[in-house]
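The values are calculated or read from the model by the stated rules, or taken from the named source; none is laboratory data. None of the values given here were measured: they were computed from a predicted structure. Cβ placement follows ideal geometry from the backbone for every residue including glycine, while neighbour counts extend to all protein chains displayed.
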Amino acid sequence: MIRVVIVDDERLFAELMRVALRGAEGITVEAVVHDLKSAIAALNQHRPDVVLCDYHLPDGTGADLARAVRNSLPDTSVLVLTADPSAATLNDVARSGAVGHMTKERGFAEVVESVRAAASGEILFAPSELQRLLLESAAHKKIIEPLTARELEVLRLLASGTSTTAAAESLGISTATLRAHVQAVLRKLGAHSRLEAVAEAARLGLVTLESWTRERQAPPRGGNGPVERS
């Protein structure tokens, strides 16, 4: 069962998300809250698998929450919702440790699918966003500590879009061990998130982005119509 906490100050939209997710098999909504302070309390209480969080909150942002989660609940994935995904917003989300973002106009089925992907450890950013982050990282030449052979394997699986569970199975290790390798990769590459790590590794020539781009340019699967905002 995938346990989800919803964070959005638009109460009608939060309720629509709750109804959509509660109707999906294998997903349960543990709490619905409307600000950053309440979100942190709910996360400490429920320790969910996924947080579905609006970017703009009365007392902070979804990126702020992702940074807090990264430090205290590393096994919780934050998926940020954006109403107006400007370059500055997407850059903030990408560097926060969130696994991805979605616009609020996406369909219910796509939201459910993205929550499942986030729970399995997938990185949910479009190729264009990764390429922009890659260009920005080119201005920051880093001296990195050499990666081990296993860490390179993990990094290349991340760059291919492989989920945490699938990557662990492929390498014949536990998900806990794989997450430890991911944290070592982030530290050595000076990255704050998996997305940053993949971008920096691509700049250094450690990975290629062909499979990433091909996977994320596939046409979206069917949905139940747009999630309307009031």
Exercise. Mind counting the residues in the range 1-53 that are among the aliphatic types (A, V, I, L, M) and part of a helix (DSSP H, G or I)?
Key: 13
Quiz item: E25: under 19 Å from I2 (Cβ atoms), surrounded by fewer than 20 Cβ atoms within 10 Å (Cβ to Cβ) and free of Cβ contacts under 8 Å to residues at least 12 places away in the same chain, yes or no?
Solution: yes
Quiz item: Can you tell me which residues in the range 44-65 are within 16 Å of the chain's Cα centre (by Cα), crowded, with 19+ Cβ neighbours inside 10 Å and free of Cβ contacts under 8 Å to residues at least 60 places away in the same chain?
Solution: P48, V51, C53, D54, Y55, T61, G62, A63, L65
Quiz item: Does A88 fit the bill of being outside the structural domain of H181 (by TED's automatic domain parsing), of a type in the set (A, V, I, L, M, F, W, C) and surrounded by fewer than 19 Cβ atoms within 10 Å (Cβ to Cβ)?
Solution: yes
Quiz item: Is it the case that the range 77-87 has a residue that's more than 28 Å from E25 (Cβ to Cβ) and assigned to a helix (DSSP H, G or I)?
Solution: yes
Quiz item: Could we say that V93 is β-branched (V, I, T) and under 20 Å from D9 (Cβ atoms) here?
Solution: yes
Exercise. Please report, ordered by residue number, the helices (runs of 4 or more DSSP H) entirely within the range 107-193 with at least 1 residues that are modelled with pLDDT under 90 and of a type in the set (S, T, Y).
Key: 127-137, 164-171, 175-189
